[in-house]
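The values are calculated or read from the model by the stated rules, or taken from the named source; none is laboratory data. Remember, it's a predicted structure, so these values are computed and weren't measured experimentally. In this analysis, Cβ positions are derived from the backbone assuming ideal geometry, glycine residues included, and neighbour counts consider all displayed protein chains.
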Amino acid sequence: MTENLWDTTDFPVLKAAVEICNEGRGAAAVGAIIKRTGFDQQTVMASLRRLDTEQPPFFTKMEKMFGGGVSHVFEPTGHAQRAIQAWPKAEDKLEELIKVLVPSRSRRTTPRRRAALPGSGTTWPPVVGTWPSTSSPV
């Protein structure tokens, strides 16, 4: 059975790199990622090369060295932030918004107000003289 590289190395390397960048540095050096993860240099380099193939990308820039190594990663993208759960997923934010809006809509639409809605047989808006009446005086 093949090893799950995402859980064993790639996710911890990505998480470390994003956290280092988020701490105000804007960039994460490979040495700092090695120190944070406890992995050896070869493991971190292999992981960064795999992460570099992700679309959309995890980082705005990955500074590479001669020979295929990586020296730094710069500015994690929203994709990277969501992957390590530093940012909420759009679906989660949408669900939160729906939970906020649905109860407030039911509070505002009382039976009295519902009677004045378009299609209820009354004029809209209920204030006379603002808009023409739906019924014609002819």
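Tallying residues that are in a strand (DSSP E or B) and either touching a Leu at 6+ places or on another chain (Cβ under 9 Å) or not assigned by TED's automatic domain parsing to the domain that holds residue 26 (or both) within segment 48-63 yields 2. Just one of the listed residues (17, 46) is within 15 Å of residue 79 (Cα to Cα) and either surrounded by 15 or more Cβ atoms within 10 Å (Cβ to Cβ) or at pLDDT 90 or above (or both), namely 17.
Picking from residues in segment 20-36 that are part of a helix (DSSP H, G or I), over 21 Å from residue 68 (Cα atoms) and not basic (Lys, Arg), the one that is modelled with the lowest pLDDT is 24.
Scanning segment 2-47 for residues that are of a type in the set (Lys, Arg) and either touching a Leu at 6+ places or on another chain (Cβ under 8 Å) or in contact (Cβ under 8 Å) with a residue 60 or more places away in the chain (or both) yields a single hit, 15. Within the bounds of segment 69-82, is there any residue that is out of contact with any helix residue (DSSP H, G or I) (no Cβ under 8 Å at 6 or more places or on another chain) and acidic (Asp, Glu)? Within segment 69-82 (the criterion being out of contact with any helix residue (DSSP H, G or I) (no Cβ under 8 Å at 6 or more places or on another chain) and acidic (Asp, Glu)), the answer is no, since none of the residues qualifies. Among the residues of segment 4-26, is any in contact with a His (Cβ under 6 Å, 6 or more places away or on another chain), at negative phi and not hydrophobic (A, V, I, L, M, F, W, C)? No: zero hits. Looking at the structure I just gave you, is residue 57 free of Cβ contacts under 8 Å to residues at least 24 places away in the same chain, in contact with a helix residue (DSSP H, G or I) (Cβ under 8 Å, 6 or more places away or on another chain) and closer than 18 Å to residue 84 by Cβ? Yes: the conditions hold for residue 57.
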